[in-house]
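The values are calculated or read from the model by the stated rules, or taken from the named source; none is laboratory data. What you are looking at is a predicted structure, and each value in this text was computed from that prediction instead of being measured. Cβ atoms come from the backbone with ideal geometry, glycine included; neighbour counts cover every protein chain shown. Ligands, DNA and RNA are excluded from the accessible area calculation, which covers all protein heavy atoms including side chains. Shrake-Rupley method; radii C 1.70, N 1.55, O 1.52, S 1.80 Å.
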Amino acid sequence: MDIRNRMQKLLTAINQGVYEKDTELGLSLLAALAGESVLLLGPPGVAKSMVARRLKAAFKEAKAFEYLMSRFSTPDEIFGPISINRLKEFDKYERAVEGYLPTASVVFLDEIWKAGPAIQNSLLTAINEKIYRNGDSEIKLPLKLLIAASNELPAHGEGLEALWDRFLLRIICTCVQDEDTFHSMLLDDNDKEIIVPAELQISEEEYVEWRKQIGQIAVPTDILQYITNVRRQLKRLPLDDEDTARSIYVSDRRWKNIVQLLKASAFINGRTEVNSADLLPLYHCLWNEADECAPIHQLVLRELFTSCLEDMEEITESIKADIRISRVRQALKDFKNNTSPKNDLEITDYFYYHIEEHGTGHTYIFAVDYLALKEQKRENSPRQALIYPDPLNPGRSIIRCYPGTGPSSVPQQRVNLYREGTEFLLIDGVRYPMTQKKKGAKSVSAANKEPQIFDNTPRITTRDYRNELNQLSQRLLSLTNTLCTDNIFVPQADKELVSRFSDEVRKKLRNVEIEEEKLQFNLQQYGGTDQKEV
């Protein structure tokens, strides 16, 4: 069978009789194949030691070492006692390591932070370089996986930072959450040791060969860009319970080890290069404090959809711009064809008329709104409008007629509007002159000529928005399917999060599709757009 299918069966086998520990077991197996170490953080009695015992069964003829640390633990208890014979006969200070950590394939160290400095210093080399110095010689350790456990994070200022940094995967363990699963656990009386079929277990030869092949897995440019984006955002990570952002430190060594973990994930899942599905467990590698877990989890997930969201935003802005242009152009056409008054107003920035003496000469009104205003008569009601600062042009104010409220992000002033011909605007009963075209400019009354404002208005784009949105929808569907199916180490809870986030993005996409439908309606309502105008 292929490696992916075999590892799925192996994970099923070592999960027997263990409840809601699929994340811990799956990521621990991944860490072992990547040559990394795991820290399990959680209260007593949540099966942390069980994870290490089950991982031993994943390897053929594997030896295990397990120890509960205390502040009184000595290196003899971890690395073996001093060999009296070697000391007497050869005058060499060496340890009898058989049966201790230096000869184990899978190691479990409980209450890791209670270990003394002598043990910690030896562990640094054992975890990172997989070697142990015994006397005047170095022992190449058969260590495949070291799992440490604690119910607390390392205390600050006690020199534990280097050891903490060595644990690439940091997994928070909890009690059983689902009530049905909890009941099943209570009624399970089977305490027998599990038996993993030999054809599923990983031999030493396979392990060595797989590690070589993992090193040959490719890392595409888009994956490197994703890592860069996450790394940049970790420098200012907003937390839910804090007003200010926090800078999350991740060492260069950890980033390098993270890439190895991604390669191992791709290899086990039967691929020759890393893809987006391998990135989902990344949040287990990045946090330093417990309150950072949820925000980093959201960051890792959200960044996977960034490309789709950015393309969606660009399409949305383009559609809205075309909607505005279509309305302005049609209003100006209607104004010319139906009323045909003399219009000598100067157009500014395609959309605006200038009001000369209001707001020290920095006030503008949308042309389509001005042309739609009624002439002042006693029986007419004024048109309500808003004056607000132009967000794109500091110092400029815009008058816009809204049916309700205006943009909520800027201060607003409500006014009543009339106009007098195309020369004056009445704002709350005060008359202000409008800027006229310069002498010599083309007159709208010239025969068979379009108004200047129409000539200067931007053209509607020829993009096929509907096709672009369909392609974006397919990309979103493909990404969601990849994230939920391409990685056997992604737990069901993470798959559900992916699906929920994808649904949120799909709702936003539907809103964009509605905007596109509005644009099509405008074009149909106004009789379409002539080819010469596009």
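With contributions of -39500 (n - 2.57) from each DSSP H run of at least four residues, the per-residue ellipticity at 222 nm computed over the chain stands at -13000 deg cm²/dmol.
Listed by chain and number, the lysines whose C-alpha is less than 27 Å from the C-alpha of Lys507, apart from same-chain residues fewer than 8 away, are Lys320, Lys495, Lys518. For a label point 7 angstrom out from the Cα of Asn121 toward its Cβ, which stretches of the stretch 134-166 have the backbone nitrogen within less than 19 Å? Residues 134-139, 157-166 fall inside that zone. Summed over the residues of the chain and divided among them, the accessible surface reaches 52 Å² per residue at a probe radius of 1.4 Å. Find the centroid of the Cα atoms in the stretch 1-63 and in the stretch 92-126, then give the distance between the two in whole Å. What the calculation gives is 21 Å, centre to centre.
By a straight-distance test (C-alpha under 27 Å), which lysines pair with Lys114 as possible cross-link partners, with residues fewer than eight away in the same chain excluded? Straight-line reach from Lys114, under 27 Å: Lys21, Lys48, Lys56, Lys63, Lys130, Lys140, Lys144. Remark: the stretch 347-433 carries a charge dipole of roughly 280 debye about the Cα centre, counting +1 on each Lys and Arg Cβ and -1 on each Asp and Glu Cβ. Amide H contacts of Leu237: Arg246, Ser247, Ile248, each under 5 Å away and 5 or more positions distant or on a separate chain (H built 1.01 Å from N in the peptide plane; Pro and chain starts excluded).
Computed about the Cα centre, the dipole magnitude for the chain is approximately 1980 debye when only Lys and Arg (+1) and Asp and Glu (-1) carry charge, each at its Cβ.
Dimensions of the chain based on its C-alpha atoms, expressed as ranges along the principal axes with the largest first, amount to 115, 50, 47 Å.
FRET efficiency for the Lys192 to Glu310 pair, using the beta carbon distance and R₀ = 60 Å, is estimated at 0.65.
Of the residues Ala198, Met50, Leu417, the one whose Cα sits farthest toward the positive end of the charge dipole of the chain, with +1 on the Cβ of Lys and Arg and -1 on the Cβ of Asp and Glu, is Leu417. Each peptide in 14-23, 224-233 was scored by the mean count of other Cβ atoms within 10 Å over its residues; highest first, the order is 14-23, 224-233. For the pair Glu205 and Tyr432 in one chain, pulling the backbone fully straight at 0.36 nm per residue adds 72.9 nm over the alpha carbon distance. The local environment of Leu186, defined by Cβ-Cβ distances under 12 Å, has a net charge of -4 under the rule Lys, Arg +1 and Asp, Glu -1. Taking +1 at the Cβ of each Lys and Arg and -1 at the Cβ of each Asp and Glu, which of Leu469, Pro382, Gly116 sits farthest along the dipole of the chain towards its positive end, judged by Cα position relative to the Cα centre? Looking along the dipole axis, the top candidate is Pro382.
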